[in-house]
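To start, the structure under review is shown below, and the notes come after it.
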Amino acid sequence: MTKLWDLPTALELAGVTVRTLDGWEGPADPGYYWREADGEPAGHMAHHTASTGYTPNRDKANGWAGLSYKGSDRLYQERYEGDGYEPVFVIANAYPAPISAGAGDINVLYKVRAGECVEGRQGPDTPDWYGNTHYYSTEWVLDGTGSPVDEAVWEMMVLACQVQNDLMEWNSCNHIGHGHHTRRKIDLWNGMYNDFDETIMALRTDMEVFAVWANDITDRTWKTWFDDTTVLGTQGDSRYYSKNDGSVDWEAETGVAWGEGPSDGRAAYGEKIHALNVGFTGFATSIQKIEDSY
């Protein structure tokens, strides 16, 4: 069993369009599981396909990120036909993909495990060692020759990385590029930046900013939101969505001290994003109805 079985639901709650390939819940090859001590991957590795279009499969990655055109299975880098494109995250494997990280420097893995942010080129490939069973790998549909990532795909992946952090108890340092793992590669390279290293640093920065937006809202804000709103889909136990930052005397207001409630602070990042999105949509709809009544 792996926490990654919960990834599709967590991503959907955060507003990501998710697809899964047949058999994604089981190992792609018999007995091919994560080899970390806890039975989970140590971190997330970003790759690019080196092509402008690709059809996701179970051989080469755990996840795939790109633009689907009017529901197409094949994903694209660019919006060739105008309207009809949406960013999609395809989950191919909850367990290691047979062809993904490949040979690399094992010292990078040690740094990722220790929570150290890997930057720049590392050492040569470690003889007879491969990272496939240690890293969750996502292939971004991108040519890798200097073209920029589509803005909507980038935003989707920032959110997807933050959802992974929440689900796997990771932080931004758990995310590396293929070029950090091995000198043979230059991915992930978004042409908006000079190289793979700057690309991953930008990705880390954006996911940290995104995390602050949803997770660092105070208890008082969350309590007011869930106590007062009548928007369907956002009502609930305000304690569930709150952190204990000291701005609310929970025992005085509810009769139950913080920490004694079974759901205190249990909401995942994706659930908070989902609640905010539903709330904003509901408010926008209400305003539109009021305007239409005049």
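Going toward the positive end of the dipole of the stretch 1-94, with +1 on Lys and Arg Cβ and -1 on Asp and Glu Cβ, which of Thr20, Tyr85, Thr9 do you reach last? Selected residue: Tyr85. Measure nothing fancy, just the Cα-based angle from helix 219-228's long axis to the longest principal axis of the chain, in degrees from 0 to 90, nearest 10. Once rounded, one gets 60 degrees. Taking the chain as a Gaussian network of alpha-carbon nodes connected by springs under 10 Å, the highest mean-square fluctuation of the residues Val209, Val149, Val108 belongs to Val209.
A cut-off under 12 angstrom between Cβ atoms defines the neighbours of Val16, and their net charge, with Lys, Arg +1 and Asp, Glu -1, is -2. Net charge of the neighbourhood of Gly53, taken over other residues with C-beta under 10 Å away and scored Lys/Arg +1, Asp/Glu -1, is -1. Among the lysines of the chain, pairs at least eight places apart or on separate chains and with Cα atoms under 24 Å apart come to 9.
Annotation: the antiparallel percentage among DSSP beta bridges lying fully within the stretch 1-146 is about 50. Could you state, as a whole-number percent, how many of the C-alpha pairs of the chain are farther apart than 31 Å? Cα-Cα pairs of the chain separated by over 31 Å account for 34 percent.
Per the Debye formula on identical point scatterers at the alpha carbon atoms of the stretch 46-134, with no solvent, log10 I(q)/I(0) at q = 0.15 Å⁻¹ is -0.70. Picking from Asp249, Asp59, Asp264, which is most flexible by a Gaussian network model of the chain using Cα springs under 10 Å? Answer for the Gaussian network model of the chain: Asp249. Dipole of the stretch 3-214 computed with +1 at Lys/Arg Cβ and -1 at Asp/Glu Cβ about the Cα centre; of Tyr95, Trp154, Val141, farthest Cα towards the positive end is Tyr95. If I take every Cα pair under 8 Å that is 6 or more residues apart in the chain, average their sequence separation and divide by the length, what percent do I get for the relative contact order? Relative contact order for the chain comes out at 20 percent.
Could you work out how far the C-alpha centroid of the stretch 49-77 sits from that of the stretch 89-149, in angstrom? So the separation of the two Cα centres works out to 18 Å. Cβ distances below 4.7 Å define possible disulfide partners, and in the chain the cysteines left without one are Cys161. Over the stretch 1-62, the alpha carbon radius of gyration divided by the compact-protein estimate 2.2 N^0.38 Å works out to 1.25. Taking GluC sites (Glu not before Pro) across the stretch 1-104, the ones in a DSSP loop with at most 13 further Cβ atoms lying within 10 angstrom of their Cβ are Glu81.
Charged side chains reduced to their Cβ positions (Lys and Arg at +1, Asp and Glu at -1) give the chain a dipole of some 620 debye around its Cα centre.
Near Trp64, once Lys and Arg are set to +1 and Asp and Glu to -1 for all other residues with Cβ below 11 Å from its Cβ, the sum equals +2.
Rule-based calculations on the coordinates, nothing more; no lab input. Since this is a predicted model, take the numbers as computed values, not measurements. Reconstructed Cβ throughout: ideal geometry from the backbone, glycine too, with neighbour counts over all protein chains shown.
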